[in-house]
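Visitor: If you scroll down you'll find the structure; I have some questions about it.
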Amino acid sequence: MKAIIFDFDGTLADTLPVCFYAFQSVFKDFDNKEVTSDEIKAMFGPSETGIIRENLMDSNYDKAIELYYEKYRKKHQELVLENEEINDLLLFLKKESYKLGIVTGKASRSLLISLDCLNMNGLFDVIITGDDVSIPKPHPEGLNKALAQLNITNTDAIFLGDSDADILAGKQANVHTIGVQWLPNYQTLEFGVEPDQRLSNINEFIQVLKNVYN
C-alpha cells in the first residue's frame, strides 16, 4: 500500500457546519429562502460554485459565490475546530512514507481556505478538487487523476470518505474503500453502497494499517 487518499469535508475536517452556514447565508440573502442542512446535503456533488449555479433562483451567481467564500472564510475559525487526532494521523502517515492525497468535490478556493486555517498546507502529495474534474463523484475521474499524478496503480491505494458518492467513486476506480464516520458531522448515516471497511475511530485506522498493510 503506497497511498492514502481522502475525501475532505466530513472526512479530514469537520467543515460541514461552515459549509451549511455559508450556503444558508447565500440562499437567504439572494433567494430569501431558508434551507436546511439536509436540503444542502442533497445538493452536494458539484463544487460550491456548481451548487450555487444549479440551485439558486437569483441569477446573480458571481456575487452569490463571492458571498459564499466571504462567509466561509469569516466563520471558519469559529465553526471548524482543529482535530488533534486527524493531525496525528496525517503526521503518522507521512512518517511511514505513505503518499497522501485529497479528492474532494470542494472548489480549490474553499479547500485552500480550510487547509490554511487548519495548518494542513504541505502535507499532501496530490490534491484534486471539484475544479479539476469534468464529472464529480461518484464518477471516478478525480480518483483516477490522483492515481495518475501519484504514478501508482489502483491496488496501491486506499480511499476514505464519508458519503455514498465517495464509496461509489472508490469502487469504480477499483481502489480499497473505507467508509468513515469518525468526525462529529459526516454526510452519510447509512451507506447505500457497502464500503470494503467501515471505521468510526481514527486510531482504528492506524491499527488497520499496522496489522494489515505492514
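Just so it is clear, none of the values below were taken in a lab; they were calculated from the coordinates. Computed from a predicted structure; not experimentally measured. Positions of Cβ are generated from backbone atoms using ideal geometry, with glycine treated the same way; all protein chains shown enter the neighbour counts.
Visitor: Against the longest alpha carbon principal axis of the chain, how many degrees, from 0 to 90 and to the nearest 10, is the axis of helix 84-95 turned?
Guide: 50
Visitor: I've got another one for you. Work through the residues other than VAL133 whose Cβ is under 15 Å from its Cβ and net out their charges, Lys, Arg +1 and Asp, Glu -1.
Guide: Details: positive: LYS106, LYS137, LYS145; negative: ASP7, GLU48, ASP131, ASP132, GLU141, ASP166.
Within the 15 Å Cβ shell, the charges total -3.
Visitor: Report, to the nearest 10°, how far helix 108-117 tilts away from the longest principal axis of the Cα atoms in the chain, using its own Cα long axis and a range of 0 to 90°.
Guide: Taking Cα atoms only, the helix is inclined about 70 degrees.
Visitor: How do SER110, SER37, SER25, SER97 rank when sorted from fewest to most other Cβ atoms within 10 Å of their own Cβ? Before the final figure, lay out each step's value.
Guide: Details: SER110 26, SER37 15, SER25 18, SER97 7.
Exposure proxy ranking, most exposed first: SER97, SER37, SER25, SER110.
Visitor: What does the charge dipole of the chain about its Cα centre add up to, to the nearest 20 debye, if the Cβ of each Lys and Arg holds +1 and the Cβ of each Asp and Glu holds -1? Don't jump to the answer; show the numbers that get you there.
Guide: Numbers: 20 positive and 33 negative charges, 92 e Å.
So the magnitude is around 440 debye.
Visitor: Can you bin the stretch 14-127 into rounded, prolate or oblate? Criterion: square roots of the alpha carbon gyration tensor eigenvalues sorted a ≥ b ≥ c, rounded for a/c under 1.5, prolate for a/b above b/c, oblate for the rest. Mind showing how you got there, number by number?
Guide: Values: a/c = 2.52, a/b = 2.13, b/c = 1.18.
Prolate is the answer for the stretch 14-127, as a/c is 1.5 or above and a/b outweighs b/c.
Visitor: When the convex hull of the Cα atoms of the stretch 16-79 is projected onto a plane and the area is averaged over all directions, what value comes out in nm²?
Guide: That works out to 3.8 nm², a quarter of the Cα hull's surface.
Visitor: Give the dimensionless ratio obtained when the Cα radius of gyration of the stretch 57-196 is divided by 2.2 N^0.38 Å.
Guide: Values: Rg = 15.8 Å, N = 140, 2.2 N^0.38 = 14.4 Å.
Dividing the Cα Rg of the stretch 57-196 by 2.2 N^0.38 Å gives 1.10.
Visitor: Something else now. Counting Lys and Arg as +1 and Asp and Glu as -1, what is the net charge of the other residues whose Cβ lies under 10 Å from the Cβ of ILE102?
Guide: On the way: positive: LYS106; negative: ASP7, ASP125.
Result for the neighbourhood of ILE102: -1.
Visitor: How far is helix 141-150 tilted off the main Cα axis of the chain, in degrees rounded to 10, range 0 to 90?
Guide: Here the helix axis deviates by roughly 50 degrees.
Visitor: Which entries in the list LYS75/LYS145; LYS95/LYS137; LYS41/LYS95; LYS28/LYS106; LYS74/LYS95 go over 24 Å, if you measure between the two C-alpha atoms of each? Intermediate values should be presented prior to the final figure.
Guide: Details: LYS75/LYS145 32 Å; LYS95/LYS137 30 Å; LYS41/LYS95 35 Å; LYS28/LYS106 21 Å; LYS74/LYS95 33 Å.
Over 24 Å apart, Cα to Cα: LYS75/LYS145; LYS95/LYS137; LYS41/LYS95; LYS74/LYS95.
Visitor: Using DSSP to define loop residues, name the GluC sites (Glu not before Pro) in the stretch 55-126 whose beta-carbon has at most 16 other beta-carbon atoms within 10 Å. Don't skip to the answer; put the middle values down first.
Guide: On the way: sites: GLU66, GLU70, GLU78, GLU82, GLU84, GLU85, GLU96; in loops: GLU82, GLU96.
Answer by residue number: GLU82, GLU96.
Visitor: First check a/c for the stretch 82-159, with a ≥ b ≥ c the square roots of the eigenvalues of its C-alpha gyration tensor; if it is under 1.5, answer rounded, and if not, answer prolate when a/b is larger than b/c or oblate otherwise. Kindly include the intermediate steps, with their values, before the conclusion.
Guide: Values: a/c = 2.23, a/b = 1.18, b/c = 1.90.
Oblate, because a/c is 1.5 or more while a/b does not exceed b/c.
Visitor: In terms of the Cα gyration tensor, with a ≥ b ≥ c the square roots of its eigenvalues, is the stretch 149-214 rounded because a/c is under 1.5, prolate because a/b exceeds b/c, or oblate? Walk me through the numbers on the way to the answer.
Guide: Details: a/c = 2.05, a/b = 1.16, b/c = 1.77.
Cα axes put the stretch 149-214 in the oblate bin.
Visitor: Another question, if that's okay. Net charge near GLU54: determine it from the other residues with C-beta under 14 Å of the C-beta of GLU54, scoring Lys and Arg +1 and Asp and Glu -1.
Guide: Working: positive: ARG53; negative: ASP31, GLU39, GLU48, ASP58.
Around GLU54, the surrounding residues sum to -3.
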